[in-house]
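The values are calculated or read from the model by the stated rules, or taken from the named source; none is laboratory data. Since the structure is predicted, the reported quantities are computational estimates derived from the model, not experimental observations. Methodologically, a virtual Cβ is constructed for each residue, glycine included, from the backbone with ideal geometry; neighbour enumeration extends over all protein chains shown. For accessibility, only protein heavy atoms count, side chains too; no ligands or nucleic acids. Shrake-Rupley method; radii C 1.70, N 1.55, O 1.52, S 1.80 Å.
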Amino acid sequence: MFQQQLRQHQWESFSRNSMFERNLAIRIFIYVMYGFLALEMLGFGFFLDKILLQTDTYERAIDTFNSFLPYIFVFDFVVKFIFKTKESMQIIPYLTLPIKRNLLFDFLLRKEFTNIWNFYILFLVIPFAFKAVMPFYSFPATVLYVLLIYLLCITNSLVLNIINNLISRSFWFYIVAAIRVTFPFFLVFVCKIKLGYYLTLLVDMYLNYNLWIYAAFAVIFAALWFINRLQMRSILYYELQGDKIDKISSFSSLTFLNKFGTIGDFISLELKMIFRSPRLKQKTVFPGILINGFFFYMLYSADNVFAVGGQFFFFFYGIFSIGFLGLVMGQFLFTSESSFFDGLASRKASIFELLKSKYILYSSYSLLITLLLLIPAFQGKINALLLLSLFFYVIGSIYFLIFQNAVYNKTYLDLFDKGMFNWEGTSGNTFIISMFVMFVPVVLLVILNVIFGEIVTCCFMLFTGLVFTLTSKYWLAWTYKRFLKRKHKNMEGFRSN
Amino acid sequence: MELQIQNLIKKFGNNIALNISELNIPKGTLLGLVGNNGAGKTTLFRLILDLLKADNGYVLNNGLDVSKSEFWKSHTGSFIDSRFLIEFLTPEEYLYFVGEAYGLNKETVNERLQPFSRFMNNEIFGHKKYIRNFSSGNKQKIGIIAAMMIHPEILILDEPFNFLDPSSQIEIRDIILKMNQEFNTTVLISSHNLSYTTDISSRIILLENGIVKKDLNNSADVLTELNEYFILQTNV
């Protein structure tokens, strides 16, 4: 009976999410976006066999795909690590009720079977499997292949849960996550092991109904399930007492910021907030390292993805890499301060100074990344003019757009609530502005690049970027004035916790 | 014996948050737990509810070690804080769900909610609002009602007077007392409100730095004694 109730609650927690509460248009927009992504993956899956055959790696597309599986699941791991919500704290309300804890733990684990993050990949795999598996095997084998990918996704999630639980114990366990991500690359590129080849053999045995493969997979899956279950009990106690033993990070030593007066104080506050709030830390620190690390990796990799993927990919990635902190934190302009905004607003220091300090901090971050990117620029990996243009485009045009969130954001954000794919603190306005900022400037650049070429695009970025950078003082003041007009309405929203 | 605590130690890092060598709470006791912030009141409640793992010792609820058995949950009602509410449900849905977990049908739940009608003050039901959209005071009321409507043998309420308006504080004080007298419920409440606590408690325990400093049977001069203790602490 409780299983049914819990399943119903699971659905209600999604369908009654505060993000959907206010705006029907946003709800429809999100469904359309999800639908579009699903259709895009389905379409890609339909033609994937042809694309894979062109790579000439193996004779059959299915073998090529199987040889890519380690990398696909590295991608899957990274995506889940960043976006998938950690579930354990969701059972707190049930802990004191007469419901057996093991039942709750099993319920949480069983949720993996219906979690969107464990079957999004099937939109790609199902059409592909029917085109690439069926001709060589049979219909039941095709279904088994889809099932295998689905179960591998769940297995990946079970591994992720174990690593996430370890990370919540100690920051050092991020190393385990890094090992999980780099291990396949290490095997292939350092140990020179033909990982892809062995995987094609294993999957082939699986599709030929080799019972040993099934048994081995069942044992691994059961072991991971069991470890998860064991970990959940101890991690639950740990999470419930977590706030009592959290050690503060040593950021109080940023004394040089004192020289900059109020602005320095606000920058220091922002940094402390990022590093001490589990929610913000989760959204910024690891993804920041990963995104920039990957950017450098791609620049130095033998087959430069940017050369293959074209300018859209480079513009998009370049903007995201250079402006990462501003783009992530800009979404939460003033909502990140929502729990103490009343205190800030009633004190002597002006909110305008807070806005300026945020701009300075995010721009400093962008400058740091740009300076690091100068190394590959000097080595001829990136065009220096393009890099410079991107930098100004980010700190000028892009930040101008993202800072408009300061005017429209009016939701409460719990800094100590975890979960990357957590909609709390993100309103419809935030969503629209963020989507606009992420895609419109990039699409504009691509259009310019196609019509006028790279030099003109760079000049456009440099010009608009410089205009917005040099006038930042004025548009920040303009943004602040517009915020003041909506101040009381926004602050009412901040208090809605 | 209703609740029995033996050699209970809980540490957070190197700090000993709670250290109780022995504490017995017989059936029908209305125990008030007082102490300054960080004294260990909530930690004790969480250990009694198996929400924390003790570093040493155990808690027996009706003879059952709470960390080894879960049967004690069927006769124990509690409310610690709003995290224990299911915030995406309406109050009606939540209370019916809790009722169902304790084997109560909707009619029985409705019947058992009657004594709380004044306490709810028309602010809880029929508003078509999810719990997350209620004020802290009303969330507190929903949690308290959910813990009490199951008529538990042991009731644990952490700071029940917090966030409540004066009328509601008086109302809940009387409801707690009535439940204790009518059903012989063992009640454990923690509070910073010395006046209300001494008004209703038959026994008062003063915790300080995780240690039981005073274990007092309620009498006319208990409030004075407690006041003197805290004044002395302020001067120190």
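Go through the stretch B:46-60 and flag every residue whose accessible area shrinks by 20 Å² or more with all protein chains in place compared to the isolated chain (probe 1.4 Å).
Going by heavy-atom accessible area, the residues of the stretch B:46-60 that drop by at least 20 Å² are B:ARG46, B:ASP50, B:LEU51, B:LEU52, B:LYS53.
Give the ranking of B:VAL34, A:VAL190 by solvent-accessible surface, highest area first, calculated with a 1.4 Å probe.
Output order, biggest surface exposure first: A:VAL190, B:VAL34.
Pop out the carbon and sulfur fraction of the accessible area of the stretch A:1-247 as a percent, whole number, probe 1.4 Å.
Within the stretch A:1-247, the accessible surface is 72 percent carbon and sulfur.
Measure nothing but the geometry: give the 0 to 90° angle between the long axis through the Cα atoms of A:428-452 and the longest principal axis through the Cα atoms of chain A, rounded to 10°.
80
Quick check: the angle from helix A:139-169's long axis to the longest principal axis of chain A, C-alpha only, nearest 10 degrees?
Orientation of helix A:139-169: about 50 degrees from the principal axis.
Once you have the alpha carbon radius of gyration of the stretch A:254-497, what is it after dividing by 2.2 N^0.38 Å, with N set to its residue count?
That works out to 1.02 for the stretch A:254-497.
What does the accessible area per residue of chain A come to in Å², with a 1.4 Å probe and no ligands, DNA or RNA counted?
So chain A comes to 48 Å² accessible per residue, rounded to a whole number.
In a Gaussian network model over chain B where Cα atoms closer than 10 Å are linked, find which of B:PRO152, B:PRO166, B:PRO26 has the largest mean-square fluctuation.
So, out of B:PRO152, B:PRO166, B:PRO26, the one fluctuating most is B:PRO166.
Pop out the carbon and sulfur fraction of the accessible area of the stretch B:3-235 as a percent, whole number, probe 1.4 Å.
46
Two decimals is fine: what is log10 I(q)/I(0) at q = 0.11, 0.18 Å⁻¹ for the stretch A:1-247, from a Debye sum with one equal scatterer on every Cα and no solvent?
-0.72, -1.49
Specify which residue in the list A:LEU152, A:TRP225, A:PHE29 is farthest towards the positive end of the charge dipole of the protein assembly as shown, using unit charges on the beta carbon of Lys, Arg (+1) and Asp, Glu (-1), about the Cα centre.
Farthest along the dipole direction, towards plus: A:PHE29.
Take the alpha carbon atoms of the stretch A:109-157, find their center, do the same for the stretch A:190-227, and report the distance between the two centers in whole angstrom.
15
Just the accessible area for B:THR42, please: 1.4 Å probe, Å², rounded to the nearest 10?
40
Can you give the % of DSSP beta bridges in the protein assembly as shown that are antiparallel, to the nearest 5?
55
How far is it, in nm, from the label point at B:GLN233 to the one at A:VAL79 when both lie 7 Å from their Cα along the line to the Cβ?
5.4
Rank these residues by their accessible area, most exposed first, probe 1.4 Å: A:CYS459, A:CYS153.
Largest accessible area first, the list is A:CYS459, A:CYS153.
Restricted to Cα positions, what overall size does the stretch B:11-132 have along the principal axes? Three whole-Å values, descending.
Principal extents (largest minus smallest coordinate, Cα): 48, 30, 25 Å.
Dividing the Cα radius of gyration by the Kirkwood radius, what Rg/Rh value follows for chain B?
With Rh from the inverse mean 1/r over Cα pairs, Rg/Rh is 0.96.
Could you work out the relative contact order of chain A, using alpha carbon pairs under 8 angstrom and six or more residues apart, expressed as a whole percent?
17
Any chance you could run the full-extension gain for B:GLU111 through B:THR224? It's 0.36 nm times the residue separation minus the Cα-Cα distance, nm to one decimal.
This chain segment gains 36.7 nm when fully extended.
For the pair A:ARG486 and B:ASP65, what calculated FRET efficiency results from E = 1/(1 + (r/R0)^6), where r is the Cβ-Cβ distance and R0 = 45 Å, to the nearest 0.05?
The formula returns an efficiency of 0.20 here.
With contacts defined as alpha carbon pairs under 8 Å and 6 or more residues apart, what's the relative contact order of the stretch B:3-235 in percent?
Relative contact order comes out at 29 percent.
Given a 1.4 Å probe and no ligands, DNA or RNA in the count, how much accessible surface is buried by A and B, both sides, to the nearest 100 Å²?
Roughly 2900 Å².
In Å³ and rounded to a whole number, note down the convex hull volume per residue for the Cα atoms of chain A.
Considering the Cα atoms of chain A, their hull volume per residue is 179 Å³.
Which lysines, on any chain, are close to A:LYS281 with Cα under 18 Å apart, when same-chain ones fewer than 8 places away are left out?
Filter leaves A:LYS80, A:LYS84, A:LYS86, A:LYS247, A:LYS272, A:LYS358, A:LYS418.
Rounded to the nearest 10 degrees, what's the angle between the helix A:261-276 long axis and the longest principal axis of chain A, both from Cα atoms, 0 to 90?
20
Just tell me how shielded A:96-108 is by partners: mean number of partner chain Cβ atoms within 10 Å of each residue's Cβ, no decimals.
So the per-residue partner count for this stretch is 4.
Treat every Asp and Glu Cβ in the stretch B:187-236 as -1 and every Lys and Arg Cβ as +1, leave all other atoms uncharged, and give the resulting dipole magnitude about the Cα centre to the nearest 20 debye.
For this selection, approximately 140 debye.
Mind checking the per residue accessible area of the stretch B:3-235 for me, 1.4 Å probe, whole number of Å²?
43
Per-residue mean of other chain beta-carbon atoms within 10 angstrom of the beta-carbon, peptide B:84-96?
If you average over the peptide's residues, the count of other-chain Cβ atoms is 3.
How much of the DSSP beta bridge set in chain B is antiparallel, as a percent to the nearest 5?
55
For the protein assembly as shown, what does -39500 (n - 2.57) per DSSP helix run (n ≥ 4), summed and divided by total residues, give at 222 nm, in deg cm²/dmol to the nearest 500?
Using -39500 (n - 2.57) per qualifying helix, the result is -20000 deg cm²/dmol.
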